[in-house]
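Shown next, in structure tokens, is the structure this report addresses.
The values are calculated or read from the model by the stated rules, or taken from the named source; none is laboratory data. These figures come from a predicted structure and were not determined experimentally. Don't worry about glycine lacking a Cβ; one is built from the backbone with ideal geometry, like all the others, and counts go over all protein chains shown. The accessibility values were calculated without ligands, DNA or RNA, using every heavy atom of the protein model including side chains. Shrake-Rupley method; radii C 1.70, N 1.55, O 1.52, S 1.80 Å.
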Amino acid sequence: YKIKPLTTIFSLGKIEIVSKYFNEVKISSFDCASHRLIKEISKKNFDHIIVSTGATFNREIKKTCEILKKAKKNFSLLHCVSIYPTPIEQAHISRINYLKKFSSSVGVSDHSNPEISKNIVAAVSFYLGINVLEKHFTILDKDKTKDGPVSANSEQLKEIVNLSKSNKEK
């Protein structure tokens with residue numbers, strides 16, 4: 001199915017084991033300013049590093065990008081609002097344009113509730129030119145998982161995939 005597994009590294013002690021099994025890795029919003037962690041991750045042979053930026057200041061994002069560029073790493077920045085679920089009026093999707101100043105690969109970590117906001121965050125983000133979208137997904141009933149309110153079900157995920165394809169046709 002061409003699905004690539006991805007994991008997030010939350011501590012220095014997990015870098016070695018993760019680097020043995022994954023060629024891509026994610027850095028959480030809360031670790032975007034953990035510059036020691038980012039320096040250590042950049043020493044490993046990851047093909048791609050995805051950095052979420054939700055809980056960081058602009059200066060911290062800039063410093064993170066400097067570290068990754070100096071290490072000649074392929075990386076993407078994800079705009080993220082660390083509110084679960086994110087109300088559509090607090091999504092601040094235009095922030096994607098700010099992140100484009102630091103990387104040609106940008107995206108969104110979408111924590112909106114698809115039952116309320118549909119796939120508006122994804123649709124607008126694709127229109128703004130993202131190439132990475134993180135969206136929680138569940139096959140369980142949404143009340144059976146803690147991420148349920150921000151998770152897409154299979155039909156909603158199919159719609160997101162179709163949105164991504166229609167954006168490429170413009």
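Determine which member of the set 140, 133 is within 15 Å of residue 93 (Cα to Cα), without any contact (Cβ under 8 Å) to a residue 60 or more places away in the chain and open to solvent by 30 Å² or more (accessible area, probe 1.4 Å). Outline the logic, then answer.
Working: 140 fails: within 15 Å of residue 93 (Cα to Cα).
Matching residue, one of 140, 133: 133.
For the stretch 27-47, give me the residue count where each residue is open to solvent by 20 Å² or more (accessible area, probe 1.4 Å) and either touching a strand residue (DSSP E or B) at 6+ places or on another chain (Cβ under 7 Å) or small (Gly, Ala, Ser) (or both). Explain how you work it out, then say what you get.
Start the filter on the stretch 27-47 by keeping residues that are open to solvent by 20 Å² or more (accessible area, probe 1.4 Å), which leaves 30-31, 33-36, 39-40, 43-45, 47.
Now drop any that are not either touching a strand residue (DSSP E or B) at 6+ places or on another chain (Cβ under 7 Å) or small (Gly, Ala, Ser) (or both), which leaves 33-34, 47.
Total meeting the criteria: 3.
Of the candidates 3, 88, the single residue that is open to solvent by 90 Å² or more (accessible area, probe 1.4 Å), out of contact with any Asp or Glu (no Cβ under 8 Å at 6 or more places or on another chain), within 29 Å of residue 154 (Cβ to Cβ) and at pLDDT below 95 is 3.
Of the residues making up the stretch 99-122, those that are surrounded by fewer than 17 Cβ atoms within 10 Å (Cβ to Cβ) and over 15 Å from the mean Cα position of the chain (by Cα) are 101, 115, 116, 118, 120.
What number of residues within the stretch 16-38 are among the aromatic types (Phe, Trp, Tyr) and touching a residue at least 24 places away in the same chain (Cβ under 8 Å)?
Of the residues in the stretch 16-38, 2 are among the aromatic types (Phe, Trp, Tyr) and touching a residue at least 24 places away in the same chain (Cβ under 8 Å).
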